[in-house]
Amino acid sequence: METLKQRILNEGKVISDQVLNLDGLLNHQVDPQLTMEMGREFAARFAEAGVTRVITVESSGIAVAFATAYELGVPLVFARRKKTLLADPDALCERVPSFTKGIVTDIMMSRKYIKENDRVLFIDDIIANGDAARGLIKIIERSGAELVGLGVVVEKCFQAGARTIREQGITLESLVRIESLEGGVITFGESL
Ligand code: 5GP
């Protein structure tokens, strides 16, 4: 997506060789028009997959997952970061390390909103080491639903997450691939 690349160049801030701040686009502020465009792109890429639910993890994945679900005409379910004892005792839970926060968080999804006959499209903001994605993939597997694929807005190719997930035979589509942040410069990779 050329428009997205341009916005990343204009608004992204390289924090280190590993981390890119995308607060202006994804993680703090959201541009509804650009987000709907991302949703249309994911919906087109997975148009033939028979998706029945889009899922994501709160909070940064929600906007683009909503846009995708809207385009596909299916519900969006977001896994919650567990902080309450009021949560459903029958929920599916996984513990995942958080790349940016440096802590471990528990994510949960109620069995009410993911069923065995679902065909699930998992949408997320950024993939780095893939820990968050692996946590949600485990939840989907335990639910009995079928994962039709994963769509991420930004794939950081210099970290192993996307590669290891593709090696598991899972379809992973990214809108933008970033090959390097070295020297404070954002270098994009080829689309796959
Ligand atoms: P992973 O579990 O793949 O290592 O990290 C995934 C999550 O960490 C993403 O959902 C994203 O919120 C956050 N994250 C990872 N790398 C970056 C980064 O370079 N910039 C920002 N803003 N968030 C990141």
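Read the figures in this text as sums done on the coordinates, not as results from a lab. These numbers were taken from a predicted model, which means no experiment stands behind them. All Cβ positions, even for glycine, are placed from backbone atoms using ideal geometry, and neighbour counts span all protein chains on display.
Side notes on the structure shown:
- Of the trypsin sites (Lys or Arg not before Pro) found in region 90-192, those in coil by DSSP whose Cβ has at most 12 other Cβ atoms within 10 Å are Lys101.
- Glu2-Asp90 FRET efficiency (beta carbon distance; Förster radius 41 Å; 0.05 resolution): 0.35
- Report summary: the helix-based calculation at 222 nm, which adds -39500 (n - 2.57) for every DSSP H run with n ≥ 4 and divides by the residues of the chain, gives -8500 deg cm²/dmol.
- Here the Gaussian network model covers the chain, with springs between Cα atoms less than 10 Å apart; of Gly144, Gly169, Gly73, Gly169 fluctuates the most.
- Residue range of the chain that is longest and free of GluC sites (Glu not before Pro) which are both DSSP loop and sparsely packed (at most 12 other C-beta within 10 Å): 117-189
- Average projection, convex hull of the Cα set of the chain: 10.3 square nanometres.
- Anchor Lys13: lysines whose Cα lies under 27 Å away (excluding residues fewer than 8 positions away in-chain): Lys5, Lys101, Lys156
- Think of region 2-187 as having a plus end and a minus end, set by charges on the Cβ of Lys, Arg, Asp and Glu; of Met38, Thr171, Pro97, Pro97 sits farthest toward the positive end of this dipole.
- Phi to ³J(HN,Hα) by Karplus 6.51 cos²θ - 1.76 cosθ + 1.60 over region 101-109, Hz, x for Gly, Pro: 8, x, 10, 9, 10, 9, 10, 9, 9
- Zone of Ser191's modelled label, taken as backbone nitrogen in region 139-176 under 18 Å from a point 7 Å along Cα→Cβ: 150-157, 171-176
- Centre separation in Å (Cα based) which lies between region 145-170 and region 98-120: 16 Å
- With θ taken as phi - 60° and the Karplus curve 6.51 cos²θ - 1.76 cosθ + 1.60 applied, the whole-hertz 3J(HN,Hα) list for region 149-157 is x, 10, x, 10, 5, 10, 9, 8, 5 Hz, x standing for glycine and proline.
- Distance from region 45-74 to region 1-28 (C-alpha centre basis), Å: 22 Å
- Dipole magnitude of region 2-187, debye to nearest 20 (Cβ charges: Lys/Arg +1, Asp/Glu -1, about Cα centre): 480 debye
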